[in-house]
Amino acid sequence: MTTALINTAIYREHHANVSKLVDRIEVLLTAPATASDPGPLTTAVRDLFGIFAVHLSLEDKALYPRLMTHPDPALRGTAARFQAEMGNLRARFDQYRTRWPGPLAVARDPAAFVSETREVVTALKQRIAREDHGLYDIIDHSPLMGAA
């Protein structure tokens, strides 16, 4: 078996970038101008989902496949649980993006857009926190880290 370290730094960096965009979105969500000019908010949301899509792809193609074959059964189990949960969150994001494809859709019901955006952003923040502390920390402290 080859020894290959799973480095969580890039995933944590992605999370930090997503968190910065989430912070920007949260500021825009409270701005009174959002109802009359949703463009800046929809742009920030589009940017968020672009970065998040890259992050998910990296996790799906690189991180989780390696974790699912890791010799540490606890780590494999944690990874399987996180991967299953991510499927539900991804479906929720896809529904959100379909419902709110751009400023015109938002202009039809800005209050609903703001409400749904808050829900999605909250779910994303919770996911990032759980992954950082409930998965990445486990990876970083796994005694079998070098045996992946």
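The values are calculated or read from the model by the stated rules, or taken from the named source; none is laboratory data. Just so you know, these numbers come straight off a predicted model, no measurement behind them. Every residue, glycine among them, receives a Cβ derived from its backbone with ideal geometry; neighbour counts consider all protein chains shown.
Worth pointing out:
- Looking only at segment 69-84, and only at residues there that are touching a residue at least 40 places away in the same chain (Cβ under 8 Å) and in a helix (DSSP H, G or I), the one that is nearest to Arg127 (Cα to Cα): Phe82
- In the set Leu58, Leu104, only one residue is part of a helix (DSSP H, G or I), surrounded by 14 or more Cβ atoms within 10 Å (Cβ to Cβ) and among the hydrophobic types (A, V, I, L, M, F, W, C); that residue is Leu58.
- Looking across segment 34-59, the residues that are over 18 Å from Gln95 (Cβ atoms) and small (Gly, Ala, Ser) come down to Ala35, Ser36, Gly39, Ala44, Ser57.
- Cβ-Cβ under 9 Å pairs, at least 6 apart or on other chains, segment 43-67 side under 19 Å from Leu5 (Cα atoms), far side of a type in the set (Lys, Arg): Leu67/Arg76
- Residue that is nearest to Val121 (Cα to Cα) [pool: residues in segment 1-35 that are hydroxyl-bearing (Ser, Thr, Tyr) and touching a residue at least 12 places away in the same chain (Cβ under 8 Å)]: Ser19
- For Leu5, the conditions (1) within 19 Å of Asp140 (Cα to Cα); (2) in a helix (DSSP H, G or I); (3) at pLDDT below 85; (4) not polar (S, T, N, Q) all hold with the exception of (2).
- Selection count, segment 85-104, where residues are more than 16 Å from Phe52 (Cβ to Cβ) and modelled with pLDDT of 90 or more: 1
- Within segment 88-129, the residues that satisfy the criterion of being within 19 Å of the chain's Cα centre (by Cα) and of a type in the set (Gly, Ala, Ser) are Ala91, Ser115, Ala123, Ala129.
- Test: residue in segment 23-34 that is in a helix (DSSP H, G or I), modelled with pLDDT of 90 or more and among the polar types (S, T, N, Q): no
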